[in-house]
Amino acid sequence: MDDGDRSRGRMAKHGRRGEDVGRFRIGILNGDYIGPEIMAEAVKVLGAVGEKYGHQFDLVYLEASGEAYDKYGEHLPQVTLKRAAECDALLKGPFGGPPEELHHPKWANVEKAAILPLRKYFNLYTNLRQTRVLPALEALTPVKADVVHGVDVLIVRELTSGIYFGPKQTRMVDGERESSDVEAYRESEIRRIALKAFEYARHRRGKLTLVAKSNVLESSVLWREVTETVAREYADVRLDYLHVDNAAMQLILNPRQFDVLLTNNIFGDILSDEASVLSGSIGLFPSASLGDSHFGLYEPIHGSAPSIAGQNIANPISAILSVALMLRYSLECLAEANGIEQAVEVVLDEGYRTVDLVPPGAQAGGAVGTREMGDRIVRAVRSA
Ligand code: IPM
Ligand code: MG
């Protein structure tokens, strides 16, 4: 069985297209530090959606990262992968430990031992990271409010290849260490994600910007060639191209020019953090990781924030909006997905803020906690 086949066939057993319409099996990977706190709120919101729209969500808690290390001595045990493969979709909290303990085997290499292999195992090569600047939060941006007004950028990041997955080595050369990581892409890997990006652009504002570094990198030249070939199948989408350094600058200077950005693994990692800043807080952003089937992995783009864990102050919106993406992309429950996104906007419009959403210099005293924010959003989902 190849990677691609692992994620096929489940929908027929439990999902929309099968005999059990409206019944879904959802794998929950709580993650570390603030992970369980924000995931609890996401699960509450999912429960409210189930009640309101008449779906049954069977939750399967799966161990990974710190929790799995404590129990099995490894970060992504086979049993977790096996049970994850029986789910329609996975909701994941952030993985990772505190900076001062990164040498500890519990936290060293969590990224390479759990996050990257999880994406690879299910062949989730398309990562969607959307930055929308909500009117209620424009004041939070460190960039000028009139520059970010109305921004809606979708970054389509390649997620299972490139320099994060290429051969790595450290060897002795002339008596000193030399380390290397290889950026390698096959045409088929570029083509399959380019097709996805053109599809998203076609259903949005019809503009696609490829971001690479083709003045220096051979792999970027291939990205341009393959993407230009795919563009011939999409006469309705305007394709343009930016070098990544320029794209990083343009994202701050004039982010409204962008609709869909298509890029490789490493550039997408960097640019998506940058883009999230436009909106004021990384605590707002979910992501979707998809392959060739409906199965997907949904997770916040931020880390596990050990310094604020256990205090009921983390922003649960990134996890709650991950639920919305899961409903949209894996379960094809569009009204339900829109319902959650609207509920989040309603609660923000009403003025409720977690501390990360309080502008610098303003009174943080009125901020709501993690659980209160979750409860407000649950109420808004119910009453929509
Ligand atoms: C992200 C993270 C991960 C990545 C790390 C933790 C491996 O930064 O999801 O953006 O680079 O993909
Ligand atoms: Mg990142």
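Read the figures in this text as sums done on the coordinates, not as results from a lab. These figures come from a predicted structure and were not determined experimentally. In this analysis, Cβ positions are derived from the backbone assuming ideal geometry, glycine residues included, and neighbour counts consider all displayed protein chains.
Some observations on this one:
- Computed from the Cβ-Cβ distance with R0 of 56 Å, the FRET efficiency linking ARG191 to GLN363 stands at 0.60.
- A straight chain from ILE270 to TYR72 at 0.36 nm per residue would run longer than the Cα-Cα distance by 68.0 nm.
- Computed over the chain, the ratio Rg/Rh where both radii use C-alpha atoms and Rh is Kirkwood: 0.96
- Modelled FRET efficiency - R0 35 Å, ASP375 with ALA335, Cβ distances, 0.05 increments: 0.95
- Listed residues GLU63, GLU372, GLU176, most fluctuating in the chain (Gaussian network, C-alpha, under 10 Å): GLU176
- Note on the chain: with a GNM built from Cα contacts shorter than 10 Å, the maximum mean-square fluctuation among GLY283, GLY162, GLY361 falls on GLY361.
- Gap separating the Cα centres of the stretch 48-69 and the stretch 100-137, nearest whole Å: 19
- Here is how the number arises for the chain: DSSP H runs of 4 or more residues each give -39500 (n - 2.57), the sum is divided by the residue count, and the result at 222 nm is -12000 deg cm²/dmol.
- Listed by chain and number, the lysines whose alpha-carbon sits under 26 Å from that of LYS144, ignoring those within fewer than 8 places in the same chain, are LYS207.
- For the stretch 318-334, 3J(HN,Hα) per residue [Karplus equation, 6.51 cos²θ - 1.76 cosθ + 1.60, θ = phi - 60°, Hz, x = Gly/Pro]: 4, 6, 5, 6, 5, 4, 4, 5, 4, 4, 6, 8, 9, 9, 6, 9, 6
- Efficiency of FRET between GLN56 and ALA235 - r from beta-carbon atoms, R0 41 angstrom, step 0.05: 0.40
- Debye, to nearest 20: dipole size of the chain, +1 on Lys, Arg Cβ, -1 on Asp, Glu Cβ: 840
- Other residues whose C-beta falls under 13 angstrom from the C-beta of ALA40 contribute a net charge of -2, scoring Lys and Arg +1 and Asp and Glu -1.
- Ordering ASP236, ASP181 from the fewest to the most neighbouring beta carbons within 10 Å gives ASP236, ASP181.
- For the stretch 169-181, putting each phi into the Karplus relation 6.51 cos²θ - 1.76 cosθ + 1.60 with θ = phi - 60° gives couplings of 7, 10, 9, 8, 10, 6, x, 9, 7, 10, 10, 9, 10 Hz, in residue order, rounded to whole numbers and with x for Gly and Pro.
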